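A quick write-up on the structure given underneath.
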Amino acid sequence: MLAKEAALITLHLPAVEVWTVDDLTDLPSHLRYELHNGRLEIMSPAVAWHQRVEHRICAVLMRDGRWANTQVGVLNTSSDTRVADVGVFPDEPDPRAAWHPAANLALVVEVWSPSSDDKDRNPQWYAQRGIAEYWLAEPIEGDTWGALITQYQLARTPGGTVTYVETGRTTLAALEAAAVG
């Protein structure tokens, strides 16, 4: 058994060569997990700013009539997953599913964290799975609870590669104001 200590928690993880979604079932639910090509990634709970921003974005999207949820499991294969801070479905999702095929998502939002900077700023994993839209929310210096949101749309380069192209920037406050009006 492999033991990993985090704060006051000790995880006793089975020796698994290639992790799959089924292997996550019995792990503690207060942590966040992703599978990167069969390798288990354990993430600590997000800070208050991150949690508040993801919930506010989700609320704006829901007010807009979209099927939005926080902490959406995005499934590429059983051993390759990500957890989007916010995911938007084109139609009502399966209410019992924790993991959703990438093809079932219209938009994913990542709220920036220092620990996931590389993933948040490099959304190619989502682009390669054909998710039409990607947003990145980042802190605004001097605005304790504010966020700058950069919006991207899926595009294909002349060489045939899929990638995201920036389509706009806005603040979370502006999104909220537009949703109310």
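Values in this text are rule-based calculations from the coordinates and carry no lab data. These figures come from a predicted structure and were not determined experimentally. Glycine also receives a Cβ, built like all others from the backbone with ideal geometry; neighbour counts cover every protein chain displayed.
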Q. Under a 5 Å amide H to amide H cut-off, with H placed in plane at 1.01 Å, what residues pair with VAL74 once short-range neighbours are removed?
A. ARG82, VAL83, ALA84, HIS100
Q: With θ set to phi - 60°, apply the Karplus curve 6.51 cos²θ - 1.76 cosθ + 1.60 along region 149-163 and write out the HN-Hα couplings as whole Hz, x wherever there is a Gly or Pro.
A: 10, 9, 10, 10, 10, 5, 9, 10, 6, x, x, x, 6, 8, 7
Q | Counted charge near LEU172, where neighbours are those whose Cβ lies closer than 11 Å (Asp, Glu -1; Lys, Arg +1) | A | -2
Q: Using a 10 Å cut-off on Cβ atoms, rank the peptides 18-29, 125-136, 152-163 from the highest mean neighbour count down.
A: 125-136, 18-29, 152-163
Q | Gyration tensor (alpha-carbon) shape descriptor, the chain, a/c threshold 1.5 | A | prolate
Q. Of TYR33, ALA46, VAL74, which is farthest on the positive side of the dipole of region 24-81, counting Cα position, with +1 on Lys and Arg Cβ, -1 on Asp and Glu Cβ, and the Cα centre as origin?
A. ALA46
Q) Most mobile of ILE42, ILE57, ILE149 per a Gaussian network model of the chain (Cα springs, under 10 Å)? A) ILE42
Q) With θ set to phi - 60° and the Karplus curve 6.51 cos²θ - 1.76 cosθ + 1.60, what are the ³J(HN,Hα) couplings of region 79-84 in order, to the nearest whole Hz, using x for Gly and Pro? A) 10, 9, 9, 9, 10, 7
Q: Considering only ALA147, ALA137, ALA15, give the residue with the highest GNM mean-square fluctuation for the chain, with springs between Cα atoms whenever their separation is below 10 Å.
A: ALA15
Q. So how strong a dipole does the chain carry about its Cα centre when Lys and Arg Cβ are +1 and Asp and Glu Cβ are -1, to the nearest 20 debye?
A. 220
**Q.** Stokes-Einstein D for region 124-181, Kirkwood Rh over Cα pairs, 25 °C, 0.890 mPa s (µm²/s)
**A.** 193
Q. Once every DSSP H run of n ≥ 4 in the chain is given -39500 (n - 2.57) and the sum is divided by its residues, what mean residue ellipticity at 222 nm do you get, rounded to the nearest 500 deg cm²/dmol?
A. -5500 deg cm²/dmol
Q: Filter the GluC sites (Glu not before Pro) in region 4-99 down to the DSSP loop ones having no more than 16 other Cβ atoms within 10 Å, then list what survives.
A: GLU17
Q: Figure the gain on full extension for ARG169 and THR25 (residue separation times 0.36 nm, minus the Cα-Cα span) and round it to one decimal in nm.
A: 48.1 nm
Q: With θ set to phi - 60°, apply the Karplus curve 6.51 cos²θ - 1.76 cosθ + 1.60 along region 106-123 and write out the HN-Hα couplings as whole Hz, x wherever there is a Gly or Pro.
A: 9, 8, 10, 10, 10, 9, 4, 9, x, 6, 10, 3, 4, 5, 5, 8, 10, x
Q) On a 0 to 90 degree scale, rounded to 10, what angle separates helix 48-63 from the longest Cα axis of the chain? A) 60
(Q) Using a Gaussian network model on the chain with a 10 Å cutoff between Cα atoms, which of ALA106, ALA98, ALA59 fluctuates the most? (A) ALA98
